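A short write-up of the structure that comes next.
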Amino acid sequence: MDTKNKTSTIFAYFSEMQDFRIDRKKQHLLTDIITITIAAALCGIESYNDIEDFGVVREDWLKTFLKLPNGIPSHDTFNRVFANMDPVKFEACFRNWVDSILESHAGQLISIDGKTIRGAKSHGIKSPIHMVSAWASDSNMVLGQVKVSEKSNEITAIPELLKSLLIKDCVISIDAMGCQEDIAACIIEGKGDYLLAVKNNQQSLYQNIEDSFRFLKTAGYDKTIDIDHGRIETRECTIITDLAHIEEPERWKNLNVLVRMESERCFKATGKIEKSIRYYIGSKPADAAFYQKNIRGHWAIENKLHWTLDVAFQEDADRKRNKHAAQNFSLINKVALNILKNDYTRNISIRRKKNIAAWDFKYLLMLLKF
């Protein structure tokens, strides 16, 4: 991972956040509120009441690097701030911080996928919110997020996220929902390359790819075998660069490669065998080994981001529902995740790092970089 040697902390970037509150009603600095919340999230603390308790218990320590002119904010204050804070501006501060850490995204695989925060559903009255996030595999970092509008879907949210990111020279992988001509064009316009899964939501394209692998000469092949967790998994990646069977290939900007991934799982305990075939389209002229690696790499967004948010941060059980609270707190969790994932002083799990942060002032201060 290429990083910059920055002396300024994350809070220098969140201090740029415009305070929406009326001056005469401000008792606590917005930067203090955000800092306490991030510190609490690093310790595994989730609810507003618990964040207040964390602040009260740690007040003397917090005063060594925060102003806290009127002490620790109440849980109601934390609630009001995160419910009313502009999530678009908050996310812009987050992206500026990420860009300050990474020297360059160039050459990285950036996976894009959506996740529903189910706890934000309000007794059938309000649908749970759905967030689309971008994950950089090599850097182990969330690069950005956008909320999917209740009256739209990921297809409209993905271009919005892409336009907010630096994707030059990166490979952008998206599942079948993102296999859209406009999204492919958006990636190319951002000077990146796409790797898009193809399923029956693009029925004509799917059939064209099947025909291509049935009748045309392949241009490359790569095979891997993994033995792990009581199973043997064989993956065979085949590519075709001849687009003769693709109807109007120019509709997919810079389309260069058709990909077939054949997987076979053999469970050693039962002897059961599972087989699957998946298809992809890609814009980058590359060999089968390249596409094999990046197709596998795409699933890091599920394992390293979504799974961790649910298991280590209990995000799916989070019941913050007031206005923008769920969206803003999802970003707080991603800040904490980025910090913990990129702490290499301890080769232990996220859960254990959070426990140590809660117990050890010095370690928590090191994570916060004050």
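The values are calculated or read from the model by the stated rules, or taken from the named source; none is laboratory data. Since the structure is predicted, the reported quantities are computational estimates derived from the model, not experimental observations. Here the Cβ is made from the backbone with ideal geometry for all residues, glycine too, and neighbour counts use every protein chain on show. To get the accessible areas, we keep the full protein, side chains included, count just its heavy atoms, and leave off ligands, DNA and RNA. Shrake-Rupley method; radii C 1.70, N 1.55, O 1.52, S 1.80 Å.
Helix 203-215 versus the longest principal axis of the chain: what is the Cα-based angle in degrees, 0 to 90, to the nearest 10?
Helix 203-215 sits at roughly 50 degrees to that axis.
Evaluate Rg over Rh across the chain, taking Cα atoms for both radii and Kirkwood's formula for Rh.
Answer for the chain: 1.02.
Quick check: Cα centre of segment 206-237 to Cα centre of segment 243-319, how many Å?
Cα centres, segment 206-237 to segment 243-319: 11 Å.
Give me the 1.4 Å probe accessible area per residue for the chain, excluding ligands and nucleic acids, in Å².
Computed with neighbouring chains in place, this is 48 Å² per residue.
Straight-line reach from residue 115: which lysines have a Cα under 20 Å away, not including same-chain ones fewer than 8 places off?
By straight Cα distance, residue 115 reaches 126, 147, 151, 163, 199, 304, 320, 323, 334, 341.
Under a cut-off of 18 Å between alpha-carbon atoms, report the lysines in cross-link reach of residue 26, not counting same-chain residues fewer than 8 places apart.
67
Report the FRET efficiency, 1/(1 + (r/R0)^6), for residue 267 and residue 182, where r is their Cβ-Cβ distance and R0 is 56 Å, rounded to 0.05.
In this case the efficiency is close to 0.85.
Want the number for residue 75 to residue 206: 0.36 nm per residue separation, take away the alpha-carbon distance, what's left?
Contour length minus the Cα-Cα distance gives 41.9 nm.
Over all directions, the average projected area of the alpha-carbon convex hull for segment 272-370 comes to how many nm²?
Hull-based average projected area comes out at 11.4 nm².
Of the DSSP beta bridges with both residues in the chain, give the percent that are antiparallel, rounding to the nearest 5.
Percent antiparallel among DSSP bridges in the chain is about 85.
Given the -39500 (n - 2.57) contribution per DSSP H run of 4+ residues, what per-residue ellipticity at 222 nm results for the chain, rounded to the nearest 500 deg cm²/dmol?
Value at 222 nm, helices only, nearest 500: -11000 deg cm²/dmol.
When only DSSP loop residues count, what GluC sites (Glu not before Pro) in segment 206-309 have their Cβ near at most 12 other Cβ atoms within 10 Å?
247
Can you give the extra length, in nm with one decimal, that the chain gains between residue 47 and residue 60 once fully stretched, where that is 0.36 nm per residue apart less the Cα-Cα distance?
Extra length from residue 47 to residue 60 when fully extended: 2.5 nm.
Protein chains only, probe 1.4 Å: how do 26, 334, 341 rank by accessible area, largest first?
Highest to lowest solvent-accessible surface, that is 26, 341, 334.
Among rounded, prolate and oblate, which fits segment 197-249 when a ≥ b ≥ c are the square roots of the eigenvalues of its C-alpha gyration tensor, a/c under 1.5 means rounded, and a/b larger than b/c means prolate?
Oblate.
What is the angle, in °, between the Cα long axis of helix 288-298 and the longest principal axis of the Cα atoms in the chain? Nearest 10 is fine, range 0 to 90.
30
Between residue 169 and residue 234, 0.36 nm times their residue separation minus their Cα-Cα distance comes to what?
Stretched fully, the residue 169-residue 234 segment lengthens by 20.4 nm.
How would segment 137-220 be classified by its alpha-carbon gyration tensor: rounded, prolate or oblate, with rounded meaning a/c under 1.5 and the a/b versus b/c comparison settling the rest?
Verdict is oblate for segment 137-220.
Taking Cα atoms of segment 142-285, Rg/Rh with Kirkwood Rh, to two decimals?
Radius of gyration relative to Kirkwood radius: 1.02.
Got a number for carbon plus sulfur as a percent of the chain's accessible area, 1.4 Å probe?
Carbon-and-sulfur percentage of accessible area, whole number: 47.
Obtain the nm distance between the two label points defined at residue 360 and residue 277 by a simple spin-label model: each point lies 7 Å from its Cα along the Cα-to-C-beta direction.
5.3
Looking only at segment 331-345, which residues have a backbone nitrogen under 17 Å from a spot 7 Å from the Cα of residue 12 in the C-beta direction?
Counting backbone N atoms under 17 Å from the label point, the list is empty.
For segment 221-323, rounded, prolate or oblate, judged on the Cα gyration tensor with a ≥ b ≥ c (square roots of eigenvalues), a/c < 1.5 rounded, else prolate if a/b > b/c?
oblate
Put a dot 7 Å past each Cα toward the Cβ at residue 20 and residue 227; how far apart are the dots in nm?
The answer from the label model is 5.7 nm.
Would you tell me the accessible area of residue 43, worked out with a 1.4 angstrom probe on the heavy atoms of the protein chains, in Å² to the nearest 10?
Answer for residue 43: close to 20 Å² accessible.
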